[in-house]
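Read through the structure below, which is laid out as structure tokens, and then see the notes.
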Amino acid sequence: MKKVYYLTLALIAFSSSRAQEYVPATAEANVIEESKNYDNKRSGCLIWNEDSPLRQDLKDALNQWKKELSQYNTKLQEKKEFTPDIRTLFNDDYSNIEEVCQQYADPPPNIATTTPLPEASSSISDPKTVEYKQSLRGRNLGTAPNLMQEYFNGSQQLSYSPKYGYMEPLLPPLRHPEMCPKSSPASNMHISDMSYLIEDFGHICRNVIKKDKRTVFVDMGAAYNYNPNKIDTTSPGVREIEKYRRNGIHFDHIYAYEIKQVSTNLVYKTIPEHMRNPLHWMNEGVSADLRKKNNPWSMLKENFDKDDFVVVKLDVDKMIVELPLVHQLLQDKEVQEIVDIFYFEHHVEMDEMAEFWGGSMKRSITYSLQLFERLREAGVAAHYWI
């Protein structure tokens with residue numbers, strides 16, 4: 001095991017010698033480095049079982065991480081109010097970036113505050129308003145604890161990207177760990193549970209979002225709920241877009257690729273109102289052929305640049321298309337600079353998902369973990385999708 005993996009992430013993250021490197025959580029590093037214990041095994045729940053090959057200290061840390069994840073998501077439920085587009089709140093010189101990001105992008109504080117709340121004024125730059133928001137957040141501007149310190153300090157099981165901050169570790173079963181064991185009555189409920197995803201919106205607000213640049217969501221496999229009598233609020237893509245909005249990131253462009261033919265009128269009738277203006281409805285599949293107009297990477301290179309904020313979701317359930325697209329992303333430095341965050345449901349050979357993925361399962365769990373880690377090391381914040 002490389003010694004670096006056992007250093008505290010909070011120290012590594014700010015080390016000048018490793019300032020630009022992706023730092024995996026210790027459990028992630030252990031699973032990938034000790035791949036001989038997992039390769040050719042089809043169980044995604046192996047590390048969560050009693051007979052897990054993990055060291056006892058890592059087993060304990062992951063059990064602690066699951067508890068912290070639950071507490072973190074409970075606190076996130078407090079963040080239900082509408083959040084304005086943070087770009088519109090930044091001063092031209094970004095002098096108020098800290099107060100904007102603390103108020104709108106950071107998670108609710110995980111520390112108690114007893115400071116009386118003064119009456120708020122209407123201007124975000126008004127000192128009285130800043131004081132109000134400091135009290136409301138339970139933090140002082142410029143001294144806010146980071147996501148690891150505040151929510152995951154016990155386990156220390158978050159991975160870290162200098163550009164995008166902290167994120168969930170890459171681990172089997174490639175989705176929420178509460179789906180293990182598969183025999184549990186609650187396991188199926190967690191198969192579609194997206195709450196294991198950790199995006200460090202406060203860090204992204206401070207380090208990535210530009211006041212005068214565009215925000216883009218590319219949805220490959222836009223399987224929305226096209227119920228003519230109901231606005232869609234439950235499909236995964238819509239839920240993720242809503243999550244970004246709750247943290248102050250409003251998308252200017254939403255490119256939705258869907259091969260299933262759906263009436264354009266029905267699409268616009270059933271998606272949330274805020275998605276209608278930015279939506280580019282592409283009622284066709286995506287292609288891994290870089291010469292074709294429906295290749296997403298060619299589209300992005302033609303229309304956007306590295307200073308735009310670009311989120312991509314890939315879930316078209318066809319490995320013959322998906323894996324070539326993933327490898328194009330891994331090999332193309334220009335695309336890597338454009339794509340900030342990447343979600344992908346990789347249909348690997350995993351017993352727990354066989355009833356859902358069937359014949360589309362290709363490659364091992366270890367292969368997938370290594371692939372995603374390489375994406376993160378290349379500077380793309382890669383996450384598993386559901």
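Looking at (1) under 23 Å from Ala381 (Cα atoms); (2) open to solvent by less than 10 Å² (accessible area, probe 1.4 Å); (3) not basic (Lys, Arg), which is the only condition Met179 fails?
It fails just one condition, (1).
Please count how many residues of the range 47-89 are hydrophobic (A, V, I, L, M, F, W, C) and in contact with a helix residue (DSSP H, G or I) (Cβ under 7 Å, 6 or more places away or on another chain). Before the answer, list the steps.
In the first step, residues of the range 47-89 are kept if they are hydrophobic (A, V, I, L, M, F, W, C); the result is 47-48, 54, 58, 61-62, 65, 69, 76, 82, 86, 89.
Cutting the leftovers down to in contact with a helix residue (DSSP H, G or I) (Cβ under 7 Å, 6 or more places away or on another chain) gives us 47-48, 54, 58, 61-62, 86, 89.
Of the residues in that region, 8 qualify.
Looking at the range 252-263, which of its residues are under 21 Å from Asp308 (Cβ atoms) and in a loop (DSSP other than H, G, I, E, B)? Talk me through it step by step, then tell me what you get.
From the range 252-263, those under 21 Å from Asp308 (Cβ atoms) are 252-257; that's our starting set.
Answer for the range 252-263, where residues must be under 21 Å from Asp308 (Cβ atoms) and in a loop (DSSP other than H, G, I, E, B): just Asp252.
Check Ile204 against each of (1) at positive phi; (2) within 13 Å of the chain's Cα centre (by Cα) and name the one condition it does not meet.
With (1) at positive phi; (2) within 13 Å of the chain's Cα centre (by Cα) applied to Ile204, the lone miss is (1).
In the range 213-222, is there at least one residue being in contact with a strand residue (DSSP E or B) (Cβ under 9 Å, 6 or more places away or on another chain), of a type outside the set (A, V, I, L, M) and farther than 30 Å from Asp92 by Cβ? First the steps, then the outcome.
As a first pass, look at the range 213-222 and keep what is in contact with a strand residue (DSSP E or B) (Cβ under 9 Å, 6 or more places away or on another chain): 213-222.
Restricting the remaining residues to those that are of a type outside the set (A, V, I, L, M) gives 213-215, 217, 219, 221.
Checking the rest, the ones that are also farther than 30 Å from Asp92 by Cβ come to 219, 221.
So far as the range 213-222 goes, yes, one or more of its residues are in contact with a strand residue (DSSP E or B) (Cβ under 9 Å, 6 or more places away or on another chain), of a type outside the set (A, V, I, L, M) and farther than 30 Å from Asp92 by Cβ.
Just to be sure, is Asn283 farther than 28 Å from Ala105 by Cα and free of Cβ contacts under 8 Å to residues at least 60 places away in the same chain?
Working: farther than 28 Å from Ala105 by Cα: yes; free of Cβ contacts under 8 Å to residues at least 60 places away in the same chain: yes.
Here the answer is yes, as Asn283 does meet what is asked.
Can we say Pro107 is open to solvent by less than 50 Å² (accessible area, probe 1.4 Å) and modelled with pLDDT under 95?
Values: open to solvent by less than 50 Å² (accessible area, probe 1.4 Å): yes; modelled with pLDDT under 95: yes.
Criteria met by Pro107.
Can you tell me how many residues within the range 25-84 are over 23 Å from Ser161 (Cα atoms), part of a loop (DSSP other than H, G, I, E, B) and within 22 Å of the chain's Cα centre (by Cα)?
10
Testing Ile249 on (1) touching a residue at least 40 places away in the same chain (Cβ under 8 Å); (2) over 24 Å from the mean Cα position of the chain (by Cα); (3) in a loop (DSSP other than H, G, I, E, B); (4) over 20 Å from Trp297 (Cα atoms), one condition comes back false. Which one is that?
For Ile249, the exception is condition (2).
Identify, please: which residue in the range 177-211 is part of a loop (DSSP other than H, G, I, E, B) and without any contact (Cβ under 8 Å) to a residue 60 or more places away in the chain and is, among those, nearest to Thr83 (Cα to Cα)? Please lay out each step first, then the result.
Looking only at the range 177-211, we keep the residues that are part of a loop (DSSP other than H, G, I, E, B), and these are 180-186, 192-198, 200, 208-211.
Retained after the next criterion (residues that are without any contact (Cβ under 8 Å) to a residue 60 or more places away in the chain): 183-186, 200.
Working: Ser183: 40, Ser184: 37, Pro185: 36, Ala186: 33, Asp200: 16 Å.
Checked the range 177-211; the qualifying residue nearest to Thr83 (Cα to Cα) is Asp200.
Would you be able to say whether some residue in the range 290-311 is of a type in the set (Lys, Arg) and under 30 Å from Gln77 (Cβ atoms)? Write out each step before concluding.
In the first step, residues of the range 290-311 are kept if they are of a type in the set (Lys, Arg); the result is 291-293, 301, 306.
Add one more test, that the residue is under 30 Å from Gln77 (Cβ atoms), and what stays is none.
Taking every residue of the range 290-311 in turn, none turns out to be of a type in the set (Lys, Arg) and under 30 Å from Gln77 (Cβ atoms).
Could you give me the residue pairs with C-beta distances under 7 Å whose first residue belongs to the range 327-338 and is closer than 9 Å to Val380 by Cβ, whose second residue is open to solvent by 100 Å² or more (accessible area, probe 1.4 Å) and part of a helix (DSSP H, G or I) wherever it lies, and which are 6+ apart or on separate chains?
That search, which allows pairs on different chains as well, returns Leu330/Arg374.
The values are calculated or read from the model by the stated rules, or taken from the named source; none is laboratory data. Quantities reported herein were computed from a predicted structural model and do not represent experimental measurements. Methodologically, a virtual Cβ is constructed for each residue, glycine included, from the backbone with ideal geometry; neighbour enumeration extends over all protein chains shown. All accessible areas refer to the heavy atoms of the entire protein, side chains included, with ligands and DNA or RNA removed. Shrake-Rupley method; radii C 1.70, N 1.55, O 1.52, S 1.80 Å.
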